[in-house]
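Engineer: For reference, the structure I am asking about is given below.
The values are calculated or read from the model by the stated rules, or taken from the named source; none is laboratory data. Owing to the predicted nature of the structure, the values given are computational and were not obtained by experimental measurement. Don't worry about glycine lacking a Cβ; one is built from the backbone with ideal geometry, like all the others, and counts go over all protein chains shown.
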Amino acid sequence: MLKYPEVKMYKWLIFLVLLFAFFIQSSCKKDKAPAVNIPVQVIPLYADSILYIKNANQNIVYPVGPAQGSYTSFPDGLKIDQSTGAIDVNNSETGLKFKVTFTDQSSGNAKTAYVTISGINYRDKIFNLAAGDSIATPIYNADAGAPIPQINNGSTFDTNSGCKNAGIEVNPVDGTINLAKSVRDQLIDTGSTQEVKLQYKINDQSREALNGLNVKIYFYRNAGEIPQYLQDILTERKTTILAAPINRFASLAAAPMAFTSAQNKPGRPRPPCIIVVSR
């Protein structure tokens, strides 16, 4: 049995051992510097963030303050010169937001910006007619909250009746698609429409230049009949469609999935994946 002085000495030794272990652990933490995650700078690369098509043979937009380096874009559909950053607006997919990244040749630093090619798109989704979800509404300039300008004053849709001839009911005034009537006009309960170009003009800074996007509607009796490849497209579009509004000065870390997809494979955002089920 330990005597009182020996007990005090034993406790004192335990205290010293614990104190020594604490200092060792603290020293190791100081030696290991925390990892620093340096985000890509998100700054304007072009004079405007929204680029409009024009009634001209060429409509090329160049970056401001050109420098030596390389340019990449995401998702697929932006016609961009990888060496100069020049964007061929008229031959790019319209109605979409793109991420453009410039990598400086001398420093290796990367800068990124968001550019929208003006026009309309439709949401990739499953529309359920039984739930009253029967209208596909156009999204203007990749912003679901942005109204289409000059309705009934120069803005017109399906100008060549291409959709109407394929049984796709597009409202010529506002560009909405009546999915219920479109499905009824196909006269079958499972299948798809033809893929046709929806041509339209918008009275905005494009000055009613002829614009367009391909449209195709898939329809089934219920969600269980939707094939896997269409479900895969819907899943992929969650990372390939850059929705607006997006703060173009935000850190790239705010959208890591989209940037990762751009590294691994091209995102193909067109035509919009419109799927209709009856129930």
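Engineer: Can you find, within the stretch 154-174, the residue that is surrounded by the most Cβ atoms within 10 Å (Cβ to Cβ) among those that are over 27 Å from the mean Cα position of the chain (by Cα) and hydroxyl-bearing (Ser, Thr, Tyr)?
Structural biologist: Looking at residues that are over 27 Å from the mean Cα position of the chain (by Cα) and hydroxyl-bearing (Ser, Thr, Tyr), I get 159.
Engineer: Now for a separate question. Within the bounds of the stretch 221-236, is there any residue that is in a loop (DSSP other than H, G, I, E, B) and either at pLDDT below 95 or of a type in the set (Phe, Trp, Tyr) (or both)?
Structural biologist: Taking the stretch 221-236 first, the residues in a loop (DSSP other than H, G, I, E, B) are 221-222, 226-227.
Subsequent filtering for residues that are either at pLDDT below 95 or of a type in the set (Phe, Trp, Tyr) (or both) retains none.
There is no residue in the stretch 221-236 that is in a loop (DSSP other than H, G, I, E, B) and either at pLDDT below 95 or of a type in the set (Phe, Trp, Tyr) (or both).
Yes/no matrix, rows are residues, columns are (1) in contact with a His (Cβ under 8 Å, 6 or more places away or on another chain); (2) more than 30 Å from residue 183 (Cα to Cα); (3) among the acidic types (Asp, Glu); (4) part of a loop (DSSP other than H, G, I, E, B):
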position: 55; (1), (2), (3), (4): no, yes, no, yes
position: 66; (1), (2), (3), (4): no, yes, no, yes
position: 84; (1), (2), (3), (4): no, yes, no, yes
position: 93; (1), (2), (3), (4): no, no, yes, yes
position: 97; (1), (2), (3), (4): no, no, no, no
position: 114; (1), (2), (3), (4): no, yes, no, no
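Engineer: Within the stretch 57-83, can you find the residues that are of a type outside the set (D, E, K, R), surrounded by 15 or more Cβ atoms within 10 Å (Cβ to Cβ) and more than 15 Å from residue 109 (Cα to Cα)?
Structural biologist: Matches in the stretch 57-83: 59, 61, 63, 73, 74, 75, 77, 78, 80.
Engineer: Does residue 89 fit the bill of being touching a Phe, Trp or Tyr at 6+ places or on another chain (Cβ under 6 Å), of a type in the set (A, V, I, L, M) and within 30 Å of residue 70 (Cα to Cα)?
Structural biologist: Details: touching a Phe, Trp or Tyr at 6+ places or on another chain (Cβ under 6 Å): no; of a type in the set (A, V, I, L, M): yes; within 30 Å of residue 70 (Cα to Cα): yes.
No, not satisfied.
Engineer: Of the residues that make up the stretch 175-187, is at least one in a loop (DSSP other than H, G, I, E, B) and in contact with a strand residue (DSSP E or B) (Cβ under 6 Å, 6 or more places away or on another chain)?
Structural biologist: yes
Engineer: A further question on this structure: Starting from residues that are loosely packed, with under 15 Cβ neighbours inside 10 Å and not acidic (Asp, Glu), keep the ones in the stretch 175-193 and report whichever is nearest to the chain's Cα centre (by Cα).
Structural biologist: So in the stretch 175-193, the residues loosely packed, with under 15 Cβ neighbours inside 10 Å come out as 181, 184-185, 187-191.
Narrowing further to those that are not acidic (Asp, Glu): 181, 184, 187-188, 190-191.
Working: 181: 29, 184: 32, 187: 34, 188: 33, 190: 30, 191: 28 Å.
The qualifying residue nearest to the chain's Cα centre (by Cα) is 191.
Engineer: Here's something else I'd like to know. Go through the stretch 50-100 and report how many residues are farther than 22 Å from residue 269 by Cα and small (Gly, Ala, Ser).
Structural biologist: Residues flagged as farther than 22 Å from residue 269 by Cα and small (Gly, Ala, Ser) within the stretch 50-100 amount to 6.
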